[in-house]
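The next block holds one structure in the form of structure tokens; read it before the comments.
What follows draws every value from the coordinates through simple rules; no lab data is involved. Quick caveat: nothing in here was measured; it's all calculated off a predicted structure. Note that each Cβ is placed from the backbone with ideal geometry, even for glycine, and that neighbours are counted across all protein chains shown.
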Amino acid sequence: MPPLRWFARRASRQLAAAQTIAVVERGGRSVSLGDLLGHEFAADPLAMFSEDRYHPPPAATPPRRPPCCRRWRPRSTWATTCPRT
């Protein structure tokens, strides 16, 4: 594994561990996406990753963000698509 990937993987795992501890201490539950989906990524990396083996493939990337969050929408659409609160 190249050094940068090793470092990023290590940092990611350390962050996940710290997040899990913080969530559990506050009475929550954490879900490890790596544990849930890791085997699928390992089984078919060509379908799960683009050529750089880091980013998702273009077919898996939506053309734009879903309009589920007010801050993702252009201001001009707020009045017509968001209920008043």
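Some points to look at:
- Model label points for A11 and A47, set 7 angstrom from Cα along the Cα-to-Cβ axis, are 3.2 nm apart.
- Charged neighbours of R13, selected by a Cβ distance under 15 Å, balance to +2 (K, R count +1; D, E count -1).
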